[in-house]
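Each reported figure results from applying straightforward, stated rules to the coordinates on display, with no laboratory input. In this text, all values refer to a predicted model and were calculated from it rather than measured experimentally. We place every Cβ from the backbone using ideal geometry, glycine too, and count neighbours over all the protein chains shown.
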Amino acid sequence: MLKLENISKTFNPGTINEKKALNGLSLHLKPGDFVTVIGGNGAGKSTMLNAVAGVWPVDEGRIILDGHDITALPEYKRAHLIGRVFQDPMMGTAPNMQLEENLALAARRGRPRGLKWGVTNSEREEYHERLKILGLGLEDRMTSKVGLLSGGQRQAVTLLMAVLREPKLLLLDEHTAALDPGTAAKVLELSDQIVQEHNLTTLMITHNMKDAIRHGNRLIMMNEGHIILDIEGEEKKKLTKQQLIDMFAQKGGSIDSDETLLTK
Amino acid sequence: MTITSYFASLNVLKLLRNMPGGVSQGIIWGIMALGIYITFRLLDVADLTVDGSFTTGGAVTVMLILAGWPAWAALLVAMLAGILAGFVTGMLHTKLGIPAILAGILTQFSLYSVNLHIMGMAANKAVSVDKYHLLLSSRNIPSAILTGAVIALALVSVFYWYFGTEQGSAIRATGNNPAMSRALGINIDNMKVLGLSLSNGIVALSGGLLVQYQGFADINMGRGAIVIGLAAVIIGEVVGNAILGKRLNFYGTLTFTVIGGIVYYLVIVIVLWLKLNSNDLKLFTAIVVALFLAVPYLRSQQKSSFAKLRKKGG
């Protein structure tokens, strides 16, 4: 489904701030793979997701998604293939627009936007139903400005927006990191539910090793811009936190998460 | 002059006589404010092109009417000229990476020469309502108010429709959250160019209305248009919120933008009536706009700020 071939990206080349963020990264996702991504600060996790999303062009390598070579496509031209939820809950929604308008924008992801109505009545009914499933009472606030919603609510809405038009690939960039633990758990559960329901190919970055182990069918660990560990299937199911930390240390990686601090 | 003689010299009837003229001019500037609303409120850009494109609209209108074109056709071409001006600003911004505010300044600056060329290198051109058939004129103020109001209402309705469409929503989304818009497949560069073009088209149209109303185009007629437009937008928001509060929808916001233009001009009429020096008008306008722009910030400071903590601690 997604093939990353030897991707490299250096920020600020030739300056004192030069940073090789991705270093010959290769990754191959099968359809329906739900991959959790862990690694220390600066390991290149978010950079990898941004490369796939097309936030900037990569220096080297190829990105193939669903059979299309998207390496040279700008962000807005790949958007029809990719659903995204960002770390910052403010980033995924338009605060001054109504909830239903936000959903309608997302429902037209990657489609030409002409002079038809921005939100139709039949859409409103559909959104009402889909918001109900979130269980946050948002179905009664469809004409509220999204800026009035809480961070957790906005993140749930962004998640719904990402899958309203089924994407070939779902990118979750530490999308629960900015939420309080209770809300984070709820949004994560919701993510699991949505991914399973649509059998979505998913890349999810997390800082929480427990989450990384519990969710998805495959786990990758990154360090210095490439993948140093790739575990899937039964092996991943049996994985423990301690094993992960040991493996990480063995590979010479550094990991920063609450768990490593506590186990030291 | 003592204070009593100053007040004695003020003639209330004269003020009332001048009010309708203020309203008719206010509507024309209110229409311009609709254009500025697109960039300032929807795209979140302060577009300084308008000082030039307003004059462009006026110059094109006058020259075409003088050449025998019907006024409505002249207005249409004026609008296209404005669209082109906005397009240039949009290209400078999106394709050449020049910050929006500088791109606008550059276009505005260049339009001074362009406008002079349009007017045959004359600094002003008269178009007499006696010789030509104009849509509106200060000679007949009630009719000018009616014509202006009809055009303004038509534009408000078109705006209301357009910004509810998929394309209009994409423009609003671009101004509201560009990162999200890109992620949803919106070409935000195109949306910015489109918004800037439409905005300047409306501004040029209002310039074309003003020259007919006043009977001449002047190379400096657009100077400060952006400030007057911002004043109208902001006054409209404040008045609209005061009257309708939470019931103020998009249609209301747009209508009150035009009303904001009218209020602005009525204030000008009053200021002139009070015999304040008309040369101070621009200073006065700038102060009013600065005050209104500052209100949201000052309100938030009132709720929570370090200065407040200092006072409390002291």
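Summary table below
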quantity	calculated
Equivalent ellipsoid semi-axes, the range A:1-58, via Cα gyration tensor eigenvalues times 5, rooted, Å	23, 12, 9
Most fluctuating residue given options B:274, B:155, B:75, as computed from a GNM of chain B linking Cα atoms under 10 Å	B:274
Estimated inter-spin distance, residue B:143 and residue B:179, nm [label 7 Å along Cα→Cβ]	5.7
Average beta-carbon neighbours from other chains, 10 Å sphere, peptide B:159-168	4
Mean residue ellipticity (222 nm) of chain B, computed from DSSP H runs ≥ 4 via -39,500 (n - 2.57), nearest 500	-25000 deg cm²/dmol
The range B:9-294: C-alpha gyration tensor shape, a/c 1.5 cut-off, then a/b vs b/c	oblate
Kyte-Doolittle mean at least 1.6 and Cα axial length at least 18 Å: DSSP H helices in chain B	B:71-94, B:141-162, B:225-244, B:250-273
The range A:106-250: relative contact order in percent, alpha carbon pairs under 8 Å with at least 6 residues between	16
For chain B, built as a Gaussian network whose Cα springs stay under 10 Å, the top-fluctuating residue of B:183, B:225, B:71	B:183
At most 13 other Cβ within 10 Å, DSSP loop - trypsin sites (Lys or Arg not before Pro), the range A:39-139	A:116
Cβ-placed point charges (K, R +1; D, E -1), dipole of the range B:9-294 about Cα centre in debye, nearest 20	340
Taking the range B:9-294 and dividing mean pair separation by its residue count, relative contact order in percent (alpha carbons under 8 Å, at least six apart)	37
Whole-number D in µm² s⁻¹ for the range B:193-261, Kirkwood Cα-pair radius fed into Stokes-Einstein, 10 °C, 1.306 mPa s	119
Average Cα contact separation per residue, chain A, under 8 Å, 6 or more apart, as relative contact order %	27
Most fluctuating residue given options B:50, B:227, B:129, as computed from a GNM of chain B linking Cα atoms under 10 Å	B:129
Net charge of neighbours whose Cβ lies under 11 Å from the Cβ of residue A:167, counting Lys and Arg as +1 and Asp and Glu as -1	+3
Per-residue [θ]222 nm for chain A (sum of -39500 (n - 2.57) over DSSP H runs n ≥ 4, rounded to 500)	-10500 deg cm²/dmol
Cα gyration tensor, the range A:204-247 - rounded (a/c under 1.5), prolate or oblate	rounded
Dimensionless Rg/Rh of the range A:1-102 - Kirkwood Rh, Rg from C-alpha atoms	1.00
Relative exposure of B:246, B:275, A:20, judged by other C-beta atoms within 10 Å (fewest first)	B:246, B:275, A:20
With 10 Å bins from 0: P(r) over the protein assembly as shown, alpha-carbon pairs, percent	3, 15, 21, 20, 16, 12, 7, 3, 1, 0
Rounded to 5, percent antiparallel among DSSP beta bridges of the range A:81-213	10
